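Colleague: Take a look at the following structure, please.
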Amino acid sequence: MKLSTKHLLGIKDLSKEDINLILSTAEQFKEVLQRPVKKVPSLRDITIVNLFYENSTRTRMSFELAEKRLSADVLNFAASSSSAAKGETLLDTVNNILSMKVDMVVMRHSASGAPHFLAKHIPAAIVNAGDGINEHPTQALLDAFSMKEKLGRIEGLKVAIIGDIMHSRVALSNLYLLKKMGAEVLVVGPPTLIPTYIGEALGVRVTYNLQEALKWCDVANVLRIQLERQNQPLFSSLREYNLAYGIKRSNLDSLGKEIVIMHPGPINRGVELDSDVADGKSSIILNQVENGVAVRMAVLYLLAGRDDNQ
């Protein structure tokens, strides 16, 4: 089986069958990652460039490790130390890279739509590693993989997405994926951090009450407060945010049930999550990091159109 698309620009463009194919392929690659020899020759003659115009630790390392586990040739590009800092345009940069016979571009950019722009102008396969406040598709895929691994299903799950919905590409990709896969979704946060259109446009419930959301959900996917994207104060202080929307051990203890805690990272400890929650038995945050490599291996492998077995 193959994906219905040449690129991974967003979850919005994927079918339910595409998502299931990526998740099942990731299961196979997770088995590979448990072996003593974790490297396979699947992309041995493929060259991939990691084109990062924004700072990143987890996503960049995860993609790079996935590429190396697949035996691809890897080029790393950081805008701050490249000719982009001298004024070179995005298209010129990429065309120069493509002249080196690159097959695939993994791209993170602060401008929403940048990967879509590239996909229209160059022949290489494009993987969106996060564009502005639009989408972060591989994060949503690894979140879904982690939920399914922990709870055995996605369909029918009640998932609360908590925090800075307004500025989060992770939230949007998760909303698209969870709705396509049959989960129920609730978003929760301060009114100033939830777009007014989101409930009606995407068919999700909205609440401003954290405890109500925690009582309802099976999974709490907690988002980072993105101060760097906020050009004006949208809540009074981080302390006030923590008091109203930070998840503490007392929040969980009062539920009378177990829920799963997730976070895409990096965590602002003491703001979105207290440490005893982030590191507690309900948390699968480190599983998400581990699963990210397998999911990204699956995406790269499927986009390369390979039919060989691992």
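Colleague: Between 152, 130, 199, 113, which is free of Cβ contacts under 8 Å to residues at least 24 places away in the same chain and either within 30 Å of residue 73 (Cα to Cα) or not assigned by TED's automatic domain parsing to the domain that holds residue 248 (or both)? Before you say what the answer is, go through the steps one by one.
Modeller: Details: 152 fails: either within 30 Å of residue 73 (Cα to Cα) or not assigned by TED's automatic domain parsing to the domain that holds residue 248 (or both); 130 fails: free of Cβ contacts under 8 Å to residues at least 24 places away in the same chain; 199 fails: either within 30 Å of residue 73 (Cα to Cα) or not assigned by TED's automatic domain parsing to the domain that holds residue 248 (or both).
None of the other options fit; the residue is 113.
Colleague: Tell me which residues, restricted to the stretch 67-123, are among the β-branched types (Val, Ile, Thr) and either at pLDDT 85 or above or in a loop (DSSP other than H, G, I, E, B) (or both).
Modeller: Residues of the stretch 67-123 that are among the β-branched types (Val, Ile, Thr), as a first pass: 74, 89, 93-94, 97, 102, 105-106, 122.
Within the stretch 67-123, 74, 89, 102, 105, 106, 122 qualify.
Colleague: Still on this structure, please answer the following. Can you name the residue in the stretch 132-161 that is on the phi < 0 side of the Ramachandran plot and assigned to a loop (DSSP other than H, G, I, E, B) and, of all such residues, is surrounded by the fewest Cβ atoms within 10 Å (Cβ to Cβ)? Give the steps one after another, and end with the answer.
Modeller: First, the residues of the stretch 132-161 that are on the phi < 0 side of the Ramachandran plot: 133-151, 153-155, 157-161.
Next, from what is left, pick out any that are assigned to a loop (DSSP other than H, G, I, E, B): 133-134, 136, 153-155, 157.
Details: 133: 17, 134: 21, 136: 26, 153: 13, 154: 22, 155: 10, 157: 21.
Applying the filter and picking the extreme gives 155.
Colleague: For the stretch 47-66, give me the residue count where each residue is among the aromatic types (Phe, Trp, Tyr) and either surrounded by fewer than 18 Cβ atoms within 10 Å (Cβ to Cβ) or at pLDDT below 95 (or both). If you could, list the steps in order and put the result at the bottom.
Modeller: If we filter the stretch 47-66 for residues that are among the aromatic types (Phe, Trp, Tyr), which is where we start, we get 52-53, 63.
Filter again for either surrounded by fewer than 18 Cβ atoms within 10 Å (Cβ to Cβ) or at pLDDT below 95 (or both), leaving 52-53.
Looking only at that region, the number is 2.
Colleague: Among the residues of the stretch 270-279, is any in contact (Cβ under 8 Å) with a residue 60 or more places away in the chain and either small (Gly, Ala, Ser) or assigned by TED's automatic domain parsing to the domain that holds residue 110 (or both)? Before you say what the answer is, go through the steps one by one.
Modeller: Quick first cut of the stretch 270-279, residues in contact (Cβ under 8 Å) with a residue 60 or more places away in the chain only: 272.
Retained after the next criterion (residues that are either small (Gly, Ala, Ser) or assigned by TED's automatic domain parsing to the domain that holds residue 110 (or both)): none.
The answer is no; no qualifying residue exists.
Colleague: Answer with yes or no whether residue 2 is part of a loop (DSSP other than H, G, I, E, B), loosely packed, with under 15 Cβ neighbours inside 10 Å and either touching a Gly at 6+ places or on another chain (Cβ under 6 Å) or not assigned by TED's automatic domain parsing to the domain that holds residue 129 (or both). Steps first, answer last, please.
Modeller: Values: part of a loop (DSSP other than H, G, I, E, B): yes; loosely packed, with under 15 Cβ neighbours inside 10 Å: yes; either touching a Gly at 6+ places or on another chain (Cβ under 6 Å) or not assigned by TED's automatic domain parsing to the domain that holds residue 129 (or both): yes.
When the stated conditions are applied, residue 2 passes them.
Colleague: Of the conditions (1) part of a strand (DSSP E or B); (2) surrounded by 16 or more Cβ atoms within 10 Å (Cβ to Cβ); (3) out of contact with any Ser or Thr (no Cβ under 7 Å at 6 or more places or on another chain), residue 129 satisfies every one except a single condition; which number is it?
Modeller: (3)
The values are calculated or read from the model by the stated rules, or taken from the named source; none is laboratory data. As the structure is a computational prediction, the values presented were derived from the model and not from experiment. Ideal geometry is used to build each Cβ from the backbone, glycine not excepted, and the neighbour counts take in all protein chains shown.
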